[in-house]
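Q: I'd like to ask some things about the structure below.
The values are calculated or read from the model by the stated rules, or taken from the named source; none is laboratory data. None of these values were measured; they are calculated from a predicted model. Every residue, glycine as well, gets a Cβ built from its backbone with ideal geometry; the counts of neighbours run over all protein chains shown. We work out accessible area using only protein heavy atoms, side chains counted, and drop any ligands, DNA or RNA first. Shrake-Rupley method; radii C 1.70, N 1.55, O 1.52, S 1.80 Å.
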Amino acid sequence: MSQIWTNWAGDQRCSPERIERPGSEEDLVRVVRGARRLRPVGSGHSFTDAACTDGVLVDVARMCRVLSVDGADVTVEAGIRLRDLGEELASRGLALENQGDVDMQTLAGAISTATHGTGGRFANISSRVVGMRVVNGAGEAVDVGGDDLRAARVGLGALGVVSAITVRCVPAFRIRRIDEPRSLDDVLPRLDELVDGVDHFEAFVLPYTRTALTLTSERTDREPRPRSRAQAIFQDLVVENGVLGLASAIGKLRPALIPAVNRLLARLMSRTEHLDASHRVYANERHVRFTEMEYAIPREHAAEALERVLALIERRSLPVGFPIELRAVAPDDAYLSTAYGRPTAYIAVHQYRGMEFEAYFRAVERIMDDYEGRPHWGKRHYQSSHTLAPRYPEWERFQEVRRRYDPEGRFVNDYLERVLGVGAP
Ligand SMILES: Cc1cc2nc3c(=O)[nH]c(=O)nc-3n(C[C@H](O)[C@H](O)[C@H](O)COP(=O)(O)OP(=O)(O)OC[C@H]3O[C@@H](n4cnc5c(N)ncnc54)[C@H](O)[C@@H]3O)c2cc1C
């Protein structure tokens, strides 16, 4: 009997023929050999149908052990969640070099879509991957080496099911993060200075206000000051998620109130500080459900592109209560990395679950097209292989590797047909 699978946001669903949950690479090989068409899935944190299939869905969540540690190179099973990986690494005096803003994703899922954090000197998580094992379309577990790794690191689940990943870690470190409201007119003109002057800089800009909540993080040797459980619950659940949830619910009920609600939110923002182990500071709790689109553009256009998005919202009176997120990362060389070959700014737009988003996202996408924007592989967009190929200089090299690993297209689903232009069997 088929089951229904849904993503975290609850807006992508499919009914796979069956869901397999292998517990080891050996099991995984058996699953792949026994299926005609299949799709790997992590923790379903993508906003697209990237993992959807009506074939066999392969959930690798049970494959979550640390396999070996060789200096800073740590090999783990592909289904380990970033949260658990953070704790495992910390217990060995190690850490991931950089992370995104939540840690519920699996490592395989995160790297497959080029998941990133922020920091002008730091590249996407996948850039630290130095080895992988993949069960390919022939059902063989192979070590991925040489240039193939540049395809597999951001592989979209198109080469096979990743069973193990070796990540080059760094010595454990602490971060001091200061969140504070600032005038956007203070932030955008000096964006480069702000990004380059600290380890990690990020801004959440509230539409209909000229206010940004900036998150500024520095690596530090100072003693950690972890929050108590009560403080964490109050700040994360009540202040951040509670206030955002309430404001979003009001906005959904009465869209005309959104500008006033946003102005009130901007006044309520205050300075907070975290000082703790890196993996605990990077990750935030997200309980308010939403959908999202995010574009990677050359960093030098970030301020202009963001101003255009804000102007669009005001000109069309779009009902957008969620802040726009701005981050920056260093270039890397994975064939399909959204930050391939260029210092990159990421601009993300969100919409509260159940509210109309398409007109907004399409209009933002047209702005990002002007900057050769590359959409996040795990977030909504309306591009196709025809529009994407010219934005990736090594597109053909990726396709060549994909054909070798999966010549019969057993891992192809509607999503891959659309974004890679490859056919299912
Ligand atoms: C609340 C929230 C916050 C987020 N924050 C960030 C952020 O800060 N930065 C950012 O860049 N993104 C962010 N994202 C997006 C998210 O990181 C990506 O969509 C990521 O791919 C999700 O990982 P997952 O484990 O849930 O994978 P899934 O969404 O389940 O799968 C993603 C892709 O990976 C493939 N895949 C999964 N497992 C395997 C495997 N074992 N082998 C081969 N392919 C596999 C799937 O087929 C699919 O194509 C966020 C998403 C949410 C919902």
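Q: Looking only at trypsin sites (Lys or Arg not before Pro) in DSSP loops with at most 16 other Cβ atoms within 10 Å, what is the longest site-free stretch of the chain?
A: Longest stretch, sites excluded: 122-209.
Q: Ok, one more. Which order do you get for VAL134, VAL170 if you rank them by accessible area with a 1.4 Å probe, largest at the top?
A: Solvent-accessible surface, decreasing: VAL170, VAL134.
Q: Can you tell me, using C-alpha contacts under 8 Å and at least 6 residues apart, the relative contact order of the chain as a whole percent?
A: Relative contact order, the chain: 18 percent.
Q: Report the one residue of HIS45, THR75, LEU57 whose Cα lies farthest in the direction of the positive end of the charge dipole of the range 33-85 (charges on C-beta: Lys and Arg +1, Asp and Glu -1; origin at the Cα centre).
A: LEU57
Q: If a/c stays under 1.5 just call it rounded; otherwise compare a/b with b/c (prolate if a/b is bigger, oblate if not). Do that for the range 174-375, with a ≥ b ≥ c from the square roots of the Cα gyration tensor eigenvalues.
A: oblate
Q: For every helix of n ≥ 4 consecutive DSSP H residues, a contribution of -39,500 (n - 2.57) applies; sum these over the chain, divide by its total residues, and give [θ] at 222 nm rounded to the nearest 500 deg cm²/dmol.
A: -7500 deg cm²/dmol
Q: Expected output is a single nm value to one decimal: the length gained when fully extending between ARG404 and LYS252, i.e. 0.36 nm times separation in residues minus the C-alpha distance. What is it?
A: Net length gain for the segment: 49.9 nm.
Q: For THR220 and GLU140, compute 0.36 nm times the residue count separating them, minus their Cα-Cα distance, and round to one decimal in nm.
A: Full extension from THR220 to GLU140 adds 24.3 nm.
Q: Return the carbon/sulfur percentage of the accessible area of the chain, one whole number, probe 1.4 Å, all protein chains in place.
A: Accessible surface attributable to carbon and sulfur in the chain totals 50 percent.
Q: Could you pull out every residue, at least 5 positions away or on a different chain, whose amide H is within less than 5 Å of the one on LEU94? Hs are placed 1.01 Å off N in the peptide plane, and Pro or chain starts have none.
A: Amide H neighbours of LEU94, under 5 Å, 5+ apart: ALA172.
Q: Per residue of the range 413-419, in order, report the coupling 6.51 cos²θ - 1.76 cosθ + 1.60 (Karplus, θ = phi - 60°) as ³J(HN,Hα) in whole Hz, putting x for Gly and Pro.
A: 10, 4, 4, 5, 4, 5, 8
Q: Can you compute the modelled spin-label distance between GLU358 and GLU87, with each label point 7 Å from Cα toward Cβ, in nm?
A: 4.2
Q: For the range 25-31, in order, what is each residue's ³J(HN,Hα) by Karplus, 6.51 cos²θ - 1.76 cosθ + 1.60 with θ = phi - 60°, in whole Hz (x at glycine and Pro)?
A: 5, 4, 4, 4, 4, 4, 4
Q: If each residue of separation counts as 0.36 nm, what is the full-extension length gain between GLU300 and PHE173 once their alpha-carbon separation is subtracted?
A: 42.7 nm is the gain from fully extending GLU300 to PHE173.
Q: Around PHE122, which amide H atoms from residues at least 5 apart in sequence, or from another chain, sit under 5 Å from its own amide H, with H modelled in the peptide plane?
A: ALA330
Q: Averaged per residue, what accessible area in Å² does the range 1-153 show with a 1.4 Å probe, protein chains only?
A: Here the residues of the range 1-153 average 38 Å² of exposed surface.
Q: Provide the per residue accessible area, probe 1.4 Å, for the range 174-375, rounded to a whole number of square angstrom.
A: With the other protein chains kept in place, the range 174-375 gives 43 Å² per residue.
Q: Sticking with this one: How many angstrom separate the Cα center of the range 349-398 from the Cα center of the range 296-334?
A: Each part reduced to its Cα centre gives a spacing of 12 Å.
Q: P(r) of the chain in 20 Å steps, Cα pairs, percent per bin?
A: 27, 59, 14
Q: Once you list every other residue whose beta carbon is under 11 Å from the beta carbon of ARG128, what net charge do they have if Lys and Arg are +1 and Asp and Glu are -1?
A: Every neighbour counted, the sum reads -1.
Q: Tell me, what ³J(HN,Hα) does each residue in the range 275-287 have, in order and in whole Hz, if you take phi through Karplus 6.51 cos²θ - 1.76 cosθ + 1.60 with θ = phi - 60° and put x for Gly and Pro?
A: With the stated coefficients, the range 275-287 comes to 9, 7, 4, 3, 5, 7, 7, 4, 8, 10, 8, 10, 9 Hz.
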